[in-house]
1. Rg to Rh ratio, the stretch 10-54, alpha-carbon atoms and Kirkwood radius?
2. What's the Cα-based Rg to Rh of the stretch 42-98, Rh via Kirkwood?
3. Can you list the residues, at least 5 places off or on another chain, whose amide H is less than 5 Å from the amide H of Leu154, using H built in the peptide plane?
4. Can you give me the P(r) profile for the stretch 81-174? Cα pairs, bins 5 angstrom wide beginning at 0, each as a whole percent.
5. Need the C-alpha centroid separation for the stretch 126-180 versus the stretch 68-97, integer Å.
6. Mind checking the dipole of the chain: about its Cα centre, +1 per Lys or Arg Cβ, -1 per Asp or Glu Cβ, Debye to the nearest 20?
7. For q = 0.29 Å⁻¹, what log10 I(q)/I(0) does the stretch 65-125 give under the Debye formula with an equal point scatterer on each alpha carbon and no solvent?
8. At 1.4 Å probe size, with the rest of the protein present, what percent of the exposed accessible area of the chain is carbon and sulfur atoms?
Amino acid sequence: MSYDTYYYGQPVTAQAKPEVNGYTFVGWIFGESGTAPDTMPNKDISATGTFSARSATYTVNYYEQNVSGNYYTLMDDLTETLRSTHGTQISADIADAKEIEGFSAAGVSTTKGAVGGCTAGSMTASADGVVSLVSGDKLNINYYYTRNRYGITLNVWKGDRTESGNKLYTHSWNDIPYGQTITADDYTKTTGS
């Protein structure tokens, strides 16, 4: 806080506009009237600076688990840039996650600055962060998705498959991650199995 001294009747000069990162200076409010006097009155007065939060953006990122399940990859085509105001707290919850075919939302985290990363880190069911214009503090909301896992059943028939005696064998494979490349050689029954 700063103080200026004026004598009664002396012209009052405008103060320099203060700067606060992320906010726009709106103006001064002087004493009870709100407006700046032209000359110093015969009493103390105070001036209060007012500010409004500037518009700022934050990013929502979506990460998919790789087929081997050991790291997450950013799905660039789903990244969203949203607008809010500097200083606004944003809450993210796993219940708000987008539905993505073949994947299940596993958690959410917030990071500042660079995009989230390739490991799930400290993902939880919900996370909070503050929108910021400060360099290096840009808010990222990161949703992480695990791959759904499915099974394959191989039924081998001879002739007409509608006749019960024509089934040669059935074999099942379970726990196959969504999106895994499969070939017929991977899922054929070998002799004796």
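1. A ratio of 1.04.
2. 1.35
3. HN-HN under 5 Å from Leu154: His171, Ser172, Trp173.
4. Result, from short to long distances: 3, 12, 15, 15, 11, 7, 6, 5, 5, 6, 5, 4, 3, 2, 1 percent.
5. 21
6. The calculation lands at about 380 debye.
7. Result of the Debye calculation: -1.76.
8. Within the chain, the accessible surface is 49 percent carbon and sulfur.
The values are calculated or read from the model by the stated rules, or taken from the named source; none is laboratory data. Being a predicted model, the structure only gives us computed values, none of them experimental. Counting neighbours? That spans all protein chains shown, and the Cβs are built from the backbone with ideal geometry, glycine included. The area values use the complete protein model at the heavy-atom level, side chains included, leaving out ligands, DNA and RNA. Shrake-Rupley method; radii C 1.70, N 1.55, O 1.52, S 1.80 Å.
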